[in-house]
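The next block holds one structure in the form of structure tokens; read it before the comments.
FYI, it's all coordinate maths here, none of it is from the lab. Here the structure is a predicted model, which is why all the values come from computation and not from measurement. As a convention, Cβ positions derive from the backbone with ideal geometry for all residues, glycine included, and neighbour counts pool all protein chains shown.
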Amino acid sequence: MTWTETFSCNVCGKRKGDVDHWWLAWVEQIQPSDDEEPKPKLQVMPWSELMARSLEVVHLCGAGCALKEAERWMTSVAQNKRAASSAAD
Ligand SMILES: [Zn+2]
């Protein structure tokens, strides 16, 4: 018996099978210029067994859950931005 790692969707909890179209997502920090604050950037790519083992990636079972994750992430970024600007007042 070969050892296989099982993954589950970070949004809906579905277990990964052999034939499906999963995606990976993670966040990188981008600083467009010295004058701008670093900004988080959401990256999405088709499933990779190697990349899936990386700690910071989110596993997504399909486009529906990828969009939910993107929406959740964008909401949290917007909230953090509001919280940071109101804290500066
Ligand atoms: Zn899912």
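For the reader, a short list of remarks on this structure follows.
- Assigned charges on the beta-carbon of Lys, Arg, Asp, Glu; the chain dipole about Cα centre (debye): 420 debye
- For segment 23-87, alpha-carbon Rg and Dmax in angstrom: 13.8, 42
- ³J(HN,Hα), Karplus 6.51/-1.76/1.60, whole Hz, each residue of segment 35-42, x for Gly, Pro: 7, 10, 5, x, 10, x, 10, 7
- Acute angle (nearest 10 degrees) that the helix 63-87 long axis makes with the longest principal axis of the chain, alpha-carbon atoms: 20 degrees
- Based on Cα contacts under 8 Å between residues 6+ apart, the chain shows a relative contact order of 30 percent.
- Distance between the 7 Å Cα→Cβ label points at Met51 and Arg72: 1.9 nm.
- Taking every DSSP bridge with both residues inside segment 14-80, close to 100 percent are antiparallel.
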